[in-house]
């Protein structure tokens, strides 16, 4: 007998639900797949309920060759045997153990798989499709951190097909010489092939290939944004949701040029900067292709800025500023957390590297100095402006809470909201009238690492993920620590309904209570204060003035306008798009009407329990964002200063 979710959870008791699993098979032009039908029951008061057909670890491309472009997998098996896809594929190589969980998932270079969670693979009705791209600085993350149980109850149950995917990360996905030997943006090209697979194959899983929404958070949001610019992928979907990240967030040149590929060639293969710059790559080619993959990614533990997208290839033939006018005017949902940078302060305090009395004017200036090299000769001027705007004129040097908040506000605007402003302003300049904007300000967000002293209302980077995906890890931790209330369950429900409304109907609300961003005047946006958000105007106005007006006036357009290339023409852009569309190695299969899906009678039952621990737990399953890793190096410096 299932327990009621609300009263027992809030009382700190255990909660159990049951998962019944049955084999399900489907024929596709690429081969027969055996997945599972999972059923959590129909009791809507249980933590998980509902049912779906799930297919885990589908190889959407052939096993990738290192530093080669992905090749689509047109036949899953050579002999026509059924491919069993009932377990998540291995994670892509990355530093550390950020993708470890209660289920041990190995790492492999053969990691390019995707997962499909569909209401009914039999369905004659074709459901809208939501394709999720995980974040993690383009160097961390994996699909199994966004599992089917939460996806079923909060997304699939509402009438959508959900797809999660993996792509090459770190030096295996983004190291480049901008040549055929080491092509740019390999991880993004993997994503393109995954999107092609979805458009080509999803109809066989009950999905509608003409109603595809791509969505992602942090570097995943940046990836979604990048696909809206790219001639290779912008026609593979119809809508986009960008959570706490847009293309400029992870773009080479947007906050200075990092030359990470050159540095890795020096550090890993002892290639001099001179040889790298002059194409003397024989030694490097052998080294990068023979190194153990663990060695290729290990230096990311001290990576300040994460890996970046590059301009100059077919995926991104120019910088976003120049490509913006070629974007399709599609429905877009975009937004951020109020205090994105607080997540990194939580990391430092949880590790014991900083404490409240470390936060002073001196630390604020130190952070700007370390992370603001792109300001060049204007760094001193802009530091004074940042201090005046975010701390106040005449602020005491040692008001610790004030400077913690000031640093959080300044770096939130630098790494996130100023770029989001740029992204939707470019859309507005194109006349896109179908955009919705939000900011999450709900102060009791679960999934927090640490309670910042004097800053309990901080709404940190990743605060939305537990709610969208209804992830039991964060809910369980919140239950164990007593840090949860009814609003958390209701907010998760709000996210599920709103995100799937957008996927199904092209707008987040079914009425006019959430209007689009106006073409002129203050931005109208939804402030997510809890499960009953309120409408507001003027999204992050101060940040927009500081970063997109004052700084540009003093410094020039520091976003990657320095990129040394001729602006790509519309004809060239369309030529790349046309060539990509005609290069279909597997052939189109949307109209396939072969053997229907079948279910076997073999059944397994799994009973799962959330148990409130006697000790509070503040660990999280979220992967670092493109700026989280920067704190590792900064933390090492801070450790030497404050201990």
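Tabulated values for the structure
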{"item": "For residue 232: the one exception among (1) buried (at least 24 other Cβ atoms within 10 Å of the Cβ); (2) within 27 Å of residue 427 (Cα to Cα); (3) touching a strand residue (DSSP E or B) at 6+ places or on another chain (Cβ under 8 Å); (4) modelled with pLDDT of 95 or more", "result": "(3)"}
{"item": "Single unsatisfied condition, residue 153 versus (1) touching a residue at least 40 places away in the same chain (Cβ under 8 Å); (2) farther than 25 Å from residue 27 by Cβ; (3) part of a loop (DSSP other than H, G, I, E, B)", "result": "(3)"}
{"item": "Matching entry among 261, 272, 244 (being surrounded by 24 or more Cβ atoms within 10 Å (Cβ to Cβ) and within 28 Å of residue 374 (Cβ to Cβ))", "result": "244"}
{"item": "Search result, residues across segment 434-459 that are closer than 19 Å to residue 215 by Cα and outside any strand (DSSP E or B)", "result": "434"}
{"item": "Condition met for residue 32 (at pLDDT 95 or above, closer than 26 Å to residue 583 by Cα and in contact with a helix residue (DSSP H, G or I) (Cβ under 8 Å, 6 or more places away or on another chain))", "result": "no"}
{"item": "Top-ranked residue of segment 248-257 - restricted to ones that are in a loop (DSSP other than H, G, I, E, B) and crowded, with 16+ Cβ neighbours inside 10 Å, ranked as modelled with the lowest pLDDT", "result": "255"}
{"item": "Test: residue 209 is part of a loop (DSSP other than H, G, I, E, B), in contact with a helix residue (DSSP H, G or I) (Cβ under 6 Å, 6 or more places away or on another chain) and either modelled with pLDDT of 95 or more or surrounded by fewer than 19 Cβ atoms within 10 Å (Cβ to Cβ) (or both)", "result": "no"}
{"item": "Filtered residues of segment 70-106 (kept if touching a helix residue (DSSP H, G or I) at 6+ places or on another chain (Cβ under 9 Å), within 21 Å of residue 137 (Cα to Cα) and surrounded by fewer than 17 Cβ atoms within 10 Å (Cβ to Cβ))", "result": "96, 101"}
{"item": "The listed residue being touching a residue at least 24 places away in the same chain (Cβ under 8 Å) and either touching a strand residue (DSSP E or B) at 6+ places or on another chain (Cβ under 9 Å) or more than 17 Å from residue 160 (Cβ to Cβ) (or both), out of 104, 133", "result": "133"}
{"item": "All positions within segment 63-84 that are under 24 Å from the mean Cα position of the chain (by Cα) and within 28 Å of residue 121 (Cα to Cα)", "result": "63, 70, 71, 72"}
{"item": "Candidate set: segment 63-73, residues that are outside any strand (DSSP E or B) and in contact with a strand residue (DSSP E or B) (Cβ under 9 Å, 6 or more places away or on another chain); chosen: the one farthest from residue 27 (Cα to Cα)", "result": "70"}
{"item": "Extreme residue, farthest from the chain's Cα centre (by Cα), among residues of segment 30-62 that are without any contact (Cβ under 8 Å) to a residue 40 or more places away in the chain and either outside any loop (DSSP other than H, G, I, E, B) or over 18 Å from residue 470 (Cβ atoms) (or both)", "result": "39"}
{"item": "Qualifying residue in segment 345-368 (condition: part of a loop (DSSP other than H, G, I, E, B), at pLDDT below 95 and within 22 Å of the chain's Cα centre (by Cα))", "result": "no"}
{"item": "Selected residue (only one of 607, 582 is over 28 Å from the mean Cα position of the chain (by Cα), over 28 Å from residue 376 (Cα atoms), at pLDDT 50 or above and loosely packed, with under 12 Cβ neighbours inside 10 Å)", "result": "582"}
{"item": "Of residues in segment 258-292 being without any contact (Cβ under 8 Å) to a residue 24 or more places away in the chain and part of a loop (DSSP other than H, G, I, E, B), the one nearest to residue 188 (Cα to Cα)", "result": "259"}
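The values are calculated or read from the model by the stated rules, or taken from the named source; none is laboratory data. As the structure is a prediction and not an experimental result, all values here were calculated from the model. For neighbour counting, all protein chains shown are included, and Cβ atoms are generated from backbone atoms with ideal geometry for every residue, glycine included.
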